[in-house]
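Everything on this sheet refers to the single structure shown next.
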Amino acid sequence: MRVIEGVVIKNLITHSDERGFFREVFRFSEEFQNVDVGQISHSLVHKGILKAWHGHKVQSQWNYVVSGRVHVALHDNRESSPTYKQTMEFIAGNDEERKAYFFPAGVLHGYKCLEGPMHIIYVTSGVYDLNDEIRIPHNEEQIGFNWLKE
């Protein structure tokens, strides 16, 4: 899988027994020492819903799919990046595809819910600021990503 500069995809380990399970998602003190945490948000998305493209000028973001299954795409919108204009994609959710992922400011993200409802947790490096938002239509020709292939 092609990886965009600054993106981290973490395969999660689950420790299960008869009582349930424990899963560590992000360890901020080790993996992201230089990135502040500003806000935690939770979203529910129904099967078939597509949300793309969205990003931030200043904020970085961590995502964790709690339940459901989602097709994720990330697009590097940073002109100064060595991976500028590259797009990567992966599946997250369910036990076999349990991932958490991080992307820096300027990387756009989108996803399509394949199995839902999907619950996703967002952790951002700042608090919501409309002036920090980057929004581009899902079918933007300059990106050229085909959301219908799944």
Being crowded, with 16+ Cβ neighbours inside 10 Å and either in contact with a Pro (Cβ under 8 Å, 6 or more places away or on another chain) or more than 24 Å from residue 85 (Cα to Cα) (or both) is the filter here, so list the residues in the range 124-144 that pass it.
126
Among (1) part of a loop (DSSP other than H, G, I, E, B); (2) out of contact with any Leu (no Cβ under 9 Å at 6 or more places or on another chain) - the single one residue 47 does not satisfy:
(2)
I need the full set of residues from the range 107-141 which are of a type outside the set (A, V, I, L, M, F, W, C) and part of a strand (DSSP E or B), in order please.
109, 110, 111, 112, 115, 116, 117, 119, 122, 124, 133, 135
Would you please list the contacts, defined by Cβ atoms under 7 Å and residues six or more apart or on different chains, that run from a residue in the range 127-150 that is touching a residue at least 24 places away in the same chain (Cβ under 8 Å) to a residue that is among the hydrophobic types (A, V, I, L, M, F, W, C) and part of a helix (DSSP H, G or I)?
138/147
Please enumerate the residues belonging to the range 56-80 that are farther than 19 Å from residue 45 by Cβ, of a type in the set (S, T, N, Q) and in contact (Cβ under 8 Å) with a residue 60 or more places away in the chain.
59, 60
Considering (1) within 14 Å of residue 8 (Cα to Cα); (2) in a loop (DSSP other than H, G, I, E, B); (3) not small (Gly, Ala, Ser), say which one residue 64 fails and leave the rest.
(2)
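Any read-out appearing in this document is the output of simple, stated calculations on the displayed coordinates, not a laboratory observation. The model shown is predicted, which means the values in this text are computed figures rather than measured ones. Here the Cβ is made from the backbone with ideal geometry for all residues, glycine too, and neighbour counts use every protein chain on show.
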